[in-house]
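Reading through the structure tokens given below for one structure.
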Amino acid sequence: MTKSYFAEAAMLPAGWARDVLFEVGPDGLIARATPRAAAGDAERLRGPVIPGMPNLHSHAFQRAMAGLTEKGGPQGDSFWSWRKLMYGFLENLTPDDVEVIATQLYIEMLRAGYTTAAEFHYLHHDPKGQPYANLAEVGERIAAAARHSGMALTLLPVFYAHGNFGGVEPTPGQRRFINSLDGFGRILESLAKTVQADPSQRIGVAPHSLRAVTPEELKAVVAAMERIDARAPIHIHAAEQQKEVDDCLSWSGTRPVAWLLDQMQLDARWCVVHATHMDANETKGLARSGAVAGLCPTTEGDLGDGFFNAASYLRASGKIGIGGDSHAAVDPFLELRLFEYGQRLKLERRNVLALAIGDSLGGQLYRGTCAGGAQALGQNIGQLAEGFRADWVVLNGDDPALAEQSGDGLLDAAIFGPVRAPVRDVMVAGQWQVRDGVHAQGEASLKRYRAVMKRLLN
Ligand SMILES: [Zn+2]
């Protein structure tokens, strides 16, 4: 049955519109969005409506580690010492634990205004590094967590084979991630079938990084994905840390993003996650390729990664999206604020990412990352328009920080103002998942999550 919803204000592709009547079909897609319409007996939406934000980079299990690694180290802490702690933490995780943590995370994401997640999933095997009887066990648990929480999903099984550039042997801490090409091909095929049953889920692939995958393996993994779906998203970590750039230079004589541009002919299917350390040519090349740069501002800040070349990349019409990555924060508005603040701190200027004088920065950032995220996830999302999935966020117009704001001013205030709960209601594929900030399974999930944390922390 088609359902109708009426919004006094909604952000449509052509701009903010008044009195919008949305008709949503039984398939969960927007059948029609008509501005300046009469409400009739449509359900009235209780605030301004914007598209839900795609979260283009998630390692769900890391949600349970947030806050556990904030202690001083002998020479100051680093990404690499953090990674060692992460390996220790995941030693004890069972598939049940992963499902409980992912469910909790996805509920938190929905409450914050994310409506689709890209799960960069590399925890494939048991704690000894042995495949589970069902090779795709953990990936299936993630798909189940997304289904039960109501979060739409692009599942990206990760191919991971080596400890560093040049096919170096993996370390014992990496044994739960490691696959042969054959074994990985079976996981990928199996998970492609798992997600096929759910129209809000799709498959993609993620060669982990140039550290973890040889050039031959990278090409083989892309070819394996293309045999299943030639248009599927392909995500890879690159150039997150200066050490990775240095190691790549000594291995190949080329920087990581330049290597990918030369060797892999990046196109609109690709999402290069982080791309923090790029020189001027890489910045232009990545922008021209049509790929999306997957930015994870709070995690990059947490790990001390560095600053993305945002101003020149956006001037060259580069595409961006945002990811929660390690989930040091679960809040798209905060990610966008931190992205811009990083640039201000680095360049000692304000409104660095505004492209034209007088443009709303919040509006530009939100629309840009919705579009980039939608492309990176390979789903028909990110716009409130006919044929797109009915994934939307009703802002909480009662928050004092949004008082009397309208249009893009709402987004400027939600991203850069003192808003604590900008999100009131959240819909995914035509189903309400959050009402008045509450998710129907929030309490039950938190109880299970506490039990897992109690075991993991003791
Ligand atoms: Zn990552």
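Leaving out ligands, DNA and RNA, and with a 1.4 Å probe, what % of the accessible surface on segment 1-93 is carbon or sulfur? Numbers along the way, then the final one.
Details: 2320 of 4470 Å².
Within segment 1-93, the accessible surface is 52 percent carbon and sulfur.
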Near the amide H of residue 296, under 5 Å away, which other amide H atoms are found, from residues 5 or more places off or on another chain, if H is placed in the peptide plane? 274, 323
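As an exercise, use a Förster radius of 41 Å and the Cβ-Cβ distance of residue 447 and residue 279 to find the FRET efficiency, rounded to the nearest 0.05.
Details: r = 50 Å, r/R0 = 1.21.
That gives a FRET efficiency of 0.25.
Just how many % of Cα pairs in segment 95-252 lie over 26 Å apart, if you round to the nearest whole percent? Please report the intermediate quantities before stating the final value.
On the way: 3416 of 12403 pairs.
For segment 95-252, the share of Cα pairs beyond 26 Å comes to 28 percent.
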Relative to the longest principal axis of the chain, what angle (0 to 90°, nearest 10) does the C-alpha long axis of helix 332-347 take? 70 degrees
Where labels lie 7 Å past Cα in the beta-carbon direction, separation of residue 80 and residue 144 in nm: 3.9 nm
Relative to the longest principal axis of the chain, what angle (0 to 90°, nearest 10) does the C-alpha long axis of helix 242-252 take? 50 degrees
For segment 422-432, in order, what is each residue's ³J(HN,Hα) by Karplus, 6.51 cos²θ - 1.76 cosθ + 1.60 with θ = phi - 60°, in whole Hz (x at glycine and Pro)? x, 9, 9, 10, 9, 10, 10, 6, x, 10, 5
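Can you tally the net charge around residue 316? Count Lys and Arg as +1, Asp and Glu as -1, for every other residue whose Cβ sits under 15 Å from the Cβ of residue 316. Before the final figure, lay out the partial values.
Numbers: positive: 284, 288, 315, 319; negative: 279, 282.
Its environment carries a net charge of +2.
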Average accessible surface area per residue within segment 288-435, 1.4 Å rolling probe, Å²: 37 Å²
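If you roll a 1.4 angstrom probe over the protein chains with everything in place, what fraction of the accessible area of segment 141-247 belongs to carbon and sulfur, to the nearest %?
Here carbon and sulfur together make up 51 percent of the probe-accessible area.
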Percent RCO, i.e. relative contact order, over segment 52-377, from Cα pairs under 8 Å lying at least 6 residues apart: 19 percent
Nearest 10 degrees, 0 to 90: what angle lies between the long axis of helix 79-90 and the longest principal axis of the chain (Cα atoms)? 90 degrees
Under 13 Å, Cβ to Cβ, from residue 92 - net charge with Lys/Arg +1 and Asp/Glu -1: 0
Would you compute, from DSSP H runs of 4+ residues alone, the mean residue ellipticity of the chain at 222 nm, taking -39500 (n - 2.57) per run and dividing by the full residue count, rounded to the nearest 500? -12000 deg cm²/dmol
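May I ask which of 193/243; 219/346; 243/454; 128/219; 84/284; 71/219 have a Cα-Cα span longer than 31 Å here?
Violating the 31 Å Cα-Cα cut-off are 193/243; 219/346; 243/454; 84/284; 71/219.
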Quick query: amide H of residue 32 versus all other amide H atoms, modeled in the peptide plane; which residues come in under 5 Å with a sequence gap of 5 or more or a different chain? 23
Karplus ³J(HN,Hα) for segment 133-150 (6.51 cos²θ - 1.76 cosθ + 1.60, θ = phi - 60°; Hz, whole; x = Gly/Pro) runs 3, 8, 3, 9, 3, 5, x, 5, 5, 5, 4, 5, 4, 5, 4, 5, 8, x
Ranked highest first by average number of other Cβ atoms within 10 Å, how do 308-315, 269-276 line up? 269-276, 308-315
Share of alpha-carbon pairs per 5 Å distance bin for segment 285-397, given as whole %: 2, 11, 19, 25, 22, 14, 6, 1, 0
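Once the other residues with Cβ under 14 Å from the Cβ of residue 154 are scored (Lys, Arg +1; Asp, Glu -1), what is the net sum? Please list the in-between numbers first.
Details: positive: 147, 202, 231, 269, 389; negative: 119, 198, 229, 391.
Local charge sum for residue 154: +1.
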Normalising by the residue count of segment 272-345, find the relative contact order in percent from Cα pairs under 8 Å and 6+ residues apart. 36 percent
For segment 345-458, with all protein chains present and a 1.4 Å probe, just round the carbon and sulfur fraction of the accessible area to a whole percent. 51 percent
Which percent, nearest 5, of DSSP beta bridges in the chain are antiparallel? 45 percent
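Rolling a 1.4 angstrom probe over the protein heavy atoms, how many square angstrom per residue are accessible across segment 1-76? Display every interim value, and only then the final one.
Values: 3620 Å² over 76 residues.
Heavy-atom SASA per residue in segment 1-76 reads 48 Å².
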In sequence order, what are the phi-derived ³J(HN,Hα) couplings for segment 214-222 according to the Karplus relation 6.51 cos²θ - 1.76 cosθ + 1.60 with θ = phi - 60°, rounded to whole Hz, with x for glycine and proline? 7, x, 5, 5, 4, 5, 5, 5, 4
Efficiency by 1/(1 + (r/R0)^6): what FRET value for residue 132 and residue 346, r their Cβ-Cβ distance, R0 = 60 Å, to the nearest 0.05? 0.85
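Using a Förster radius of 56 Å, what is the FRET efficiency between residue 227 and residue 456 based on their Cβ-Cβ separation? Nearest 0.05, please.
Numbers: r = 38 Å, r/R0 = 0.69.
FRET efficiency, residue 227 to residue 456: 0.90.
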Defining a contact as two alpha carbons under 8 Å apart and six or more residues distant in sequence, what relative contact order in percent does segment 308-445 show? 19 percent
Once you treat every alpha carbon in segment 52-377 as an equal point and sum by Debye, what is log10 I(q)/I(0) at q = 0.11 Å⁻¹? -0.64
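The values are calculated or read from the model by the stated rules, or taken from the named source; none is laboratory data. These numbers come from a predicted model, not from an experiment. As a convention, Cβ positions derive from the backbone with ideal geometry for all residues, glycine included, and neighbour counts pool all protein chains shown. Just so you know, the surface numbers come from the protein's heavy atoms only, side chains and all, with ligands and any DNA or RNA stripped out. Shrake-Rupley method; radii C 1.70, N 1.55, O 1.52, S 1.80 Å.
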